[in-house]
Amino acid sequence: MSALEILQSHVGGCREWMDKSANRCGAPAEYVLWGKLIPMKGLGPRCYDHAAKHVGQRALARGEEYALINLRELAEDLEDSL
C-alpha cells in the first residue's frame, strides 16, 4: 500500500454531499480543506473536483497560499523522508 493510499484510508473519502442521491461523493480524497475562510460546508476531505468547487483550481495549484492539505504531496514527502 502506498503512502497516499494509507493517508486516504485514514482521512476517508470525499465528503461532498451529492444533491441527487443524498449521499456523499465518496471518491478518494485528494485534499483536506480547513480554515475559517473556506465555507463550513466545504471543509474536510475532498476529491479534486469538489475541492476546486470550494476554493478554485488556481488555489489547488498553489496550495501553500491556502488552508488546504494536498494529500498527494504529503505522501510524496513522507516517502522521500524514509
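The values are calculated or read from the model by the stated rules, or taken from the named source; none is laboratory data. This one's a predicted model, so the numbers in the text were calculated from it and none came from an experiment. Cβ placement follows ideal geometry from the backbone for every residue including glycine, while neighbour counts extend to all protein chains displayed.
Tallying residues that are under 13 Å from the mean Cα position of the chain (by Cα) and farther than 22 Å from Ala61 by Cβ within the range 16-48 yields 1.
Screening the range 11-35 for residues that are of a type in the set (Lys, Arg) and without any contact (Cβ under 8 Å) to a residue 24 or more places away in the chain and picking the one that is farthest from Tyr66 (Cα to Cα) gives Lys20. Scanning the range 10-21 for residues that are surrounded by 16 or more Cβ atoms within 10 Å (Cβ to Cβ) and part of a loop (DSSP other than H, G, I, E, B) yields Cys14, Arg15, Glu16.
Those helices (runs of 4 or more DSSP H) of the range 22-82 in which 2 or more residues are modelled with pLDDT of 95 or more occupy 48-55, 71-81. If you filter the range 22-45 down to residues that are more than 16 Å from Ala75 (Cα to Cα) and of a type in the set (D, E, K, R), you find that the one that is surrounded by the fewest Cβ atoms within 10 Å (Cβ to Cβ) is Lys36. Checking the range 51-71 against the condition returns no match, with no residue being of a type in the set (A, V, I, L, M), surrounded by 12 or more Cβ atoms within 10 Å (Cβ to Cβ) and over 13 Å from the mean Cα position of the chain (by Cα).
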